[in-house]
1. As I understand it, the value is the acute angle between the Cα axis of helix A:90-100 and the longest principal axis of the Cα atoms of chain A; what does it come to in degrees, rounded to 10?
2. With a 10 Å Cβ neighbour count serving as the proxy for reagent exposure, in which order, fewest first, do A:78, A:151 appear?
3. Within 10 Å of each Cβ in A:100-111, how many Cβ atoms from other chains are there, averaged over the peptide?
4. Based on the mean of other beta carbon atoms within 10 Å per residue, what is the order of B:67-73, B:469-475, B:514-520, most packed first?
5. For region A:3-167, count all C-alpha to C-alpha pairs, find those more than 27 Å apart, and express that count as a whole percent of the total.
6. Take peptide B:280-289, look around each residue's Cβ out to 10 angstrom, count Cβ atoms belonging to other protein chains, and average those counts.
7. Using alpha carbons only, how many angstrom separate the centre of region B:13-40 from the centre of region B:366-391?
8. So for the protein assembly as shown, Kirkwood radius off the Cα pairs, Stokes-Einstein at 4 °C and 1.567 mPa s: how many µm² s⁻¹?
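Any read-out appearing in this document is the output of simple, stated calculations on the displayed coordinates, not a laboratory observation. Note that this is a predicted model, so its numbers are computed, not measured. Using ideal geometry, Cβ is built from the backbone for each residue, glycine included, and neighbour counts are taken over all protein chains shown.
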């Protein structure tokens, strides 16, 4: 089974990935957890979700807006946000809105050109699972994500902001 | 001045440690140059024509003496003895060795300086008024808001991989010394009729290959809503700015494509969804930051200083310096002193280690330990007693820092150009020096009056040529350096993009052409008109004729 890095309680660990990434050309397997493209989910997601027999995830590309998922979010187990290049920062906004605006509690997975140098930003925006593209280990990921003792702005993590530390 | 507390200091230490690790991995061959490039850029380290260049942030252009001395030390120990101030109030060191970079960042961090976000597609250092806290014109101290933005934008998790770089300028005076209208966001502080403070928000100005004077998208934003509104603007840009073409990725292209009204509507829509209680700062933090910029402890002095008046009558060089470089202060008995880095034969914006130390000493001894950098690449001692001005002048003069040319024809902005920069098509520095030589007579320069010349070595326009009274753009014509002149631009409150005068000229024709333009201006100017005013009244034709007529 393929592995990915999952983050829980500030610790990154290897975890088995139970989800199968189904491309738009593939047939959806009979059983098992799947991640579909947003386009495919919009066409076939309802049927899969109502069968209630497996978990369903959606892969959202960086030029797609997560708002279209708003209605289905409570039933979606994973939102995989794609980084076509590490420089493409749109998924940070998508992740933050999922957590902050839509109160999404499922897994937000970073896929694509995912590098350990971005770990801190990703964690702060609400990502909690990662498919690193640079061979990063969970140890490296934890280290990269916790490099800074202080933060200057509110985000999704529960780190106290500098002004809150000052006031306390 | 804002003093870094333990939190700010630990933040810089963590950043320094992170970069030290990255450089070690690069030097050990664990990272390729391709992988390392984005990491070094986020720490202000560029690979230029001859060496690495390190750009150090000077937050809103404000320095104390210890910081200026440390910059001098770095210039001396790691560079060739000088630093170069940029058009965004930062400083660049042009001859840095990669292995030294972590040590330099550590030394900077010791005096609360850093290179965070001086490069990369993120929110850069905020430009602010170098006269902040000293000019009577301002409705508030813009440094308070610049510091609010500094903290909020530092390693912002959502906005560190924007489509392109993002620059904010803020001014609280009617006279704009920040080029706010050609920034990605320009914040102009206003006082409402009820006395409430707010910002006029301009979005989508810019230079480069598609210059725009930015449109106003919000007339009055209450100050305490600043951060939530910035968040809305940045979010709309992060999601919808173009990422397919680096030349169309700045926010100005998005604003122009949507139209200012539609862009503003999208921002309002996003803003309405943001939870203000989470996004805007609590009042206590605003108050804490404001207290850090508490009023300077000025003495109560008479408005007139006998020592100052006497020195003016006895020393004509001092009198000239006062006419051009000394500006009105809000406090009686004090003055704002501009220190020109544009002496003849100098590289515009360069300061030697010794000069930095001289200015640091003056700031400490006579100027409340306060020193500023201007976007015009000069320095400012914002609070000098009139009584002390003759001594300060003499000290500056001895260090080659008393050139009396602020806003005059030889106060030229120039980018590093082909002498240093990997992007340039042509040199900028020698052209600036040619022009300074052509107008070396200070009486003539004063007769000509305010004339802003700005030179860029390529279309990226780091030398602000689009917003110059006379703009000069270096172009490459079959391997030869040529220069295209434009007239009538302005980066100030009367912002405008200049118009191209005619065919590009070879390097040895540029200074003469400027002389011909000045001749045409002096022929037709009305009383009290600046070059820019005359141009706006008479148009391009008389100037075109002056430069090109004989050549035909």
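1. Helix A:90-100 sits at roughly 90 degrees to that axis.
2. A:78, A:151
3. Per-residue shielding by partner chains comes out at 1.
4. Per-residue Cβ counts within 10 Å, averaged per peptide and sorted highest first, yield B:469-475, B:67-73, B:514-520.
5. 24 percent
6. Averaged over the peptide's residues, the number is 2.
7. Value for the Cα centre distance between the two parts: 38 Å.
8. 48 µm²/s
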